[in-house]
Amino acid sequence: MSAFTRISGLAVLAIVAALLVPSATQAVSRTGGITLPSPATSPKIAKILPRARLELSRNVVERRSNNVPRYRNGKGKVAPYSIGDQWCAAFATWIWNKTGFRAYLGTSILWPSFDGTMVGVQVRDLTNWASRNGYFSYRAVPGYLVAYGTSHIGIVEKIDRKTGQAVGSIEGNIGDRVNRVTVPMDRVTGYISPVRLSPVQLKKSASYADMPVPAVVRDRLNLP
């Protein structure tokens, strides 16, 4: 993605504090017949996909690839997660924010979106934060983020474990719009949970992984 402006630690703290006190003027599986367990997480995660699907239904499209997503096939108002730049991470973290998941505000790179919401803007930054702080998962769960490579990220909608070949996601800035995407599992570089995983949950995610688990991680988690 493009180079991004880093916000100082003090500025981020001030922004997070402001977010916690709303302002009156602020804009608003199965494999082989066996069900495999996935990490148990907050039941509120079920709110994420309905919000993502709502945005999908609004036909959000850029005008002439200008990185400014608008409703009604590019003819309506500017989408609130627009950052005037590549916006896949902004879309995903905006959805998280509006459904009550704001842990990502601990990442290093944050920008204000069109409606003033602080959003993540860089895939590598989000992935590094997740890995360091216990939000990185090796197994997909609807509502988690799915990263592939260092330049694109979406929201997990469904997982094809019958063939073990694909993850379905809802993404921003894919073909200049909000769209559904099928990501081959061999392209996935990680999943990010909106809530911190316990050591037991992390071990489960690696034991029943939807992606390769590095040997160093398997050793650390005492996996065969």
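The values are calculated or read from the model by the stated rules, or taken from the named source; none is laboratory data. Nothing here was measured: the structure is a model prediction, and the numbers come from that model. Note: ideal-geometry Cβ built from the backbone for every residue, glycine included; neighbour counts use all protein chains shown.
Out of N173, N179, one residue alone is of a type in the set (S, T, N, Q) and touching a Cys at 6+ places or on another chain (Cβ under 6 Å). It is N173. The selection criterion, being farther than 20 Å from I48 by Cα and surrounded by fewer than 24 Cβ atoms within 10 Å (Cβ to Cβ), does not hold for V181.
Applying a threshold of 9 Å to beta carbon distances and a minimum spacing of six or more residues, or different chains, the list of pairs starting in region 208-223 at a residue that is in a loop (DSSP other than H, G, I, E, B) and ending at one that is modelled with pLDDT of 90 or more and surrounded by fewer than 10 Cβ atoms within 10 Å (Cβ to Cβ) reads L221/P199. If the condition is being assigned to a loop (DSSP other than H, G, I, E, B), loosely packed, with under 13 Cβ neighbours inside 10 Å and not polar (S, T, N, Q), then region 54-73 contributes only R64. Scanning region 79-127 for residues that are in contact with a Pro (Cβ under 8 Å, 6 or more places away or on another chain), of a type outside the set (A, V, I, L, M, F, W, C) and surrounded by 20 or more Cβ atoms within 10 Å (Cβ to Cβ) yields Y81, S82, Y104, S113, T117. I'd like to check something: does region 166-176 contain any residue that is surrounded by 15 or more Cβ atoms within 10 Å (Cβ to Cβ), modelled with pLDDT under 95 and hydroxyl-bearing (S, T, Y)? Within region 166-176, none of the residues are surrounded by 15 or more Cβ atoms within 10 Å (Cβ to Cβ), modelled with pLDDT under 95 and hydroxyl-bearing (S, T, Y). Filtering D160, D210 for residues that are crowded, with 22+ Cβ neighbours inside 10 Å and more than 29 Å from V68 (Cβ to Cβ) leaves a single hit, D210. Of all residues in region 74-100, those satisfying the criterion of being touching a strand residue (DSSP E or B) at 6+ places or on another chain (Cβ under 7 Å) and assigned to a loop (DSSP other than H, G, I, E, B) are G76, K77, A79, Y81, S82, I83, W87. Of the listed requirements (1) modelled with pLDDT under 90; (2) over 21 Å from A46 (Cβ atoms), R161 misses just one: (2). Restricting attention to region 172-185, does a residue exist that is closer than 28 Å to V68 by Cβ and touching a Lys or Arg at 6+ places or on another chain (Cβ under 8 Å)? Yes, the conditions are met somewhere in region 172-185.
What number of residues within region 101-138 are in a helix (DSSP H, G or I) and on the phi > 0 side of the Ramachandran plot? Walk me through it before giving the result.
Of region 101-138, the ones in a helix (DSSP H, G or I) are 103-106, 123-133.
Then drop every residue that is not on the phi > 0 side of the Ramachandran plot, which leaves none.
Within region 101-138, residues that are in a helix (DSSP H, G or I) and on the phi > 0 side of the Ramachandran plot number 0.
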